[in-house]
Amino acid sequence: MPRQDHFSTRSIHVGSEPDPSTGAVVPSLSVATTFKQDGVNKLRGYDYSRSGNPTRSALESLLTSLETSPLASISEDARRDVSQGDSLVFASGSAATAAIAHWVTLSEDEGGAGGKDGKGYGGHILAVNDVYGGTARYLARTSRPTGLEVTFLNMEKAGEKGIREAMRSDTRLIWLEVPTNPLLLVPPLRLISDIVHSLPSKTRPLILIDSTFLSPFYFTPLISASADTHPLADITMSSLSKYSSGHSDIILGSLTVSPTIASSRPNLLKGLRFLQNSMGASPSPRDCHLMIRSIKTLSVRMVKHGLNALRISAFLAANPLVERVRYPGLTSDGAFHQVQDLLSPNARRELEFLGWKFPYNPKESSKENIDTNSLEYTRSLGIPFGGMITFAIKDATAQEAEKFCTELRIAILAESLGGVESLVEVPYGMTHSHLPQETLKELNITPNLIRLSVGIEDYDDLAEDLERALNAAKGKSNGIA
């Protein structure tokens with residue numbers, strides 16, 4: 001009988017069945033490129049590793065289980081996902097982006113969305129306007145030879161009327177990020193989902209959410225919040241290189257299809273598998289094996305990331321040298337009102353154990369006469385919701401922003417995010433530097449905007465490091481021994 005084990009249990013056991021021949025508790029790594037056939041096209045599940053590999057399959061099963069936790073079931077032995085959803089692992093997050101974008105333009109006969117008229121080529125994606133720079137680059141530039149057309153829309157500003165008007169008869173996919181990169185905005189997900197689900201079910205666009213900044217620990221949009229609501233997404237995408245890896249030593253990406261869509265639109269998986277194989281976007285089995293190992297500690301890492309980020313965002317918001325602090329979990333953030341409704345059942349359960357009460361009421365969380373180093377004080381700041389923060393150094397030049405980054409002792413100036421170590425970058429000059437100036441201006445991505453991936457170091461050390469660097473950047477005396 002299928003069971004419903006919790007996230008932490010799944011992250012350790014699904015896809016990690018002890019070796020049946022030796023009893024080894026760590027599954028063997030399958031590095032073979034090809035597999036013996038018992039006759040012509042008589043397979044034991046695999047023929048060539050670009051098409052499929054036992055280690056990759058184990059990781060895909062694990063990801064599907066986590067993205068559908070806790071509502072979807074697992075097997076009685078706790079080792080296999082039986083949710084009826086499915087995941088595909090790619091050589092990178094960008095490879096996953098390319099595959100799903102190409103799927104929009106692929107003919108229906110091949111399992112694609114059909115492009116403009118069902119026969120392939122063309123088609124339309126409606127995307128949130130603040131997206132990862134690599135995503136914007138692929139959708140707007142790299143995909144041009146396929147005829148794909150993309151509209152980038154500020155969906156919060158557009159509202160229901162604007163979103164409906166931006167959708168076309170050939171809109172095949174709604175592309176969202178939660179939160180967005182780098183501004184950490186949260187699009188009106190329930191509104192968008194309601195709009196899409198009001199359309200004919202067999203032909204409506206699918207909703208994809210890139211949840212890289214949260215991981216399935218904090219956010220599981222493929223499952224319904226309640227029996228009378230539909231899921232917020234049909235597909236989740238993740239750069240596994242970030243929080244899932246957690247150690248800045250693996251590059252992988254994934255797409256997970258919800259059980260509902262896997263059942264109602266089986267051609268989607270057919271098309272994605274076809275593209276994964278024919279585009280050669282397959283991951284290394286060694287990376288998959290290492291990723292399975294990394295995900296086993298995802299829960300404990302994400303709790304610490306979230307606690308640190310909540311405290312650091314409050315620390316930065318109180319600093320007179322800082323402005324425009326964005327962290328959706330902070331009570332003062334413009335997206336805070338959405339957070340507790342988006343919080344995964346697993347994260348909510350873990351936070352309740354730490355004393356958070358839901359529904360969360362900021363007015364009941366007084367900060368007066370509370371030790372600022374206590375968990376009680378941290379609960380008064382808001383709700384942990386990932387480890388990403390953005391902020392601007394007040395009136396800083398590009399040179400002062402760079403000086404801040406290079407003066408840091410603990411946080412490292414580098415692209416990427418989600419590792420155990422804190423990383424800092426300047427989107428204007430790094431991850432989003434290729435965007436047109438008018439786009440940067442529209443999004444308010446300025447030379448003094450900083451993106452901070454908060455690691456799991458000691459909070460006091462991080463706060464001291466940030467304060468020292470801020471003072472140095474603005475020519476202030478630190479006053480720190």
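Throughout, read-outs are computed from the coordinates displayed, never taken from laboratory work. Keep in mind it's a predicted model, so treat the numbers as computed, not measured. Virtual Cβ from ideal backbone geometry, glycine too; neighbours counted across all protein chains shown.
Cα-based Rg of the chain per 2.2 N^0.38 Å, rounded to two decimals? The partial results should precede the final answer.
Numbers: Rg = 22.5 Å, N = 481, 2.2 N^0.38 = 23.0 Å.
For the chain, the normalised Cα radius of gyration is 0.98.
Would you mind working out the magnitude of the charge dipole of the chain relative to its Cα centre, with +1 at each Lys and Arg C-beta and -1 at each Asp and Glu C-beta, to the nearest 20 Debye?
Numbers: 48 positive and 53 negative charges, 174 e Å.
About 840 debye.
Listing T9, T236, T34 from the residue with the fewest other Cβ atoms within 10 Å to the one with the most, what is the order? Don't skip to the end; give the middle numbers.
On the way: T9 17, T236 29, T34 10.
Listing T9, T236, T34 from fewest to most nearby Cβ atoms yields T34, T9, T236.
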For this session: Could you line up I174, I450 from fewest to most neighbouring Cβ atoms inside 10 Å?
Result: I450, I174
For this session: Calculate the translational D of the range 260-419 in whole µm² s⁻¹ from Stokes-Einstein, where the hydrodynamic radius comes from the Kirkwood formula applied to all Cα pairs, the temperature is 25 °C and the viscosity 0.890 mPa s.
Result: 129 µm²/s
For this session: Measure nothing fancy, just the Cα-based angle from helix 93-105's long axis to the longest principal axis of the chain, in degrees from 0 to 90, nearest 10.
Result: 50 degrees
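In the calculated pair distance distribution of the range 1-114, what percentage of Cα-Cα distances lie above 16 Å? If you can, show how the numbers build up before the last one.
Working: 4443 of 6441 pairs.
Roughly 69 percent, rounded to a whole number.
Regarding the range 154-213, what is the average projected area of its C-alpha convex hull, in nm²? Can you show the working numbers first?
Working: hull surface 16.4 nm².
Answer in nm², one decimal: 4.1.
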Exercise. Taking the Cα centre of the chain as the origin and placing charges on Cβ (Lys, Arg +1; Asp, Glu -1), which of V26, F391, L88 is farthest toward the positive end of the dipole?
Worked result: L88
For this session: Provide the convex hull volume over Cα atoms per residue for the range 165-266, in Å³.
Result: 123 Å³
Exercise. Mind checking the angle between helix 155-166 and the chain's longest principal axis? C-alpha axes, 0 to 90 degrees, to the nearest 10.
Worked result: 30 degrees
Exercise. Along the range 403-419, what does the Karplus equation 6.51 cos²θ - 1.76 cosθ + 1.60 (θ = phi - 60°) give for ³J(HN,Hα), rounded to whole Hz, x for Gly and Pro?
Worked result: 4, 4, 5, 7, 7, 5, 9, 9, 5, 10, 6, 6, 6, 6, 5, x, x
Exercise. Ranking L316, L191 by Cβ neighbours within 10 Å, fewest first, what do you get?
Worked result: L191, L316
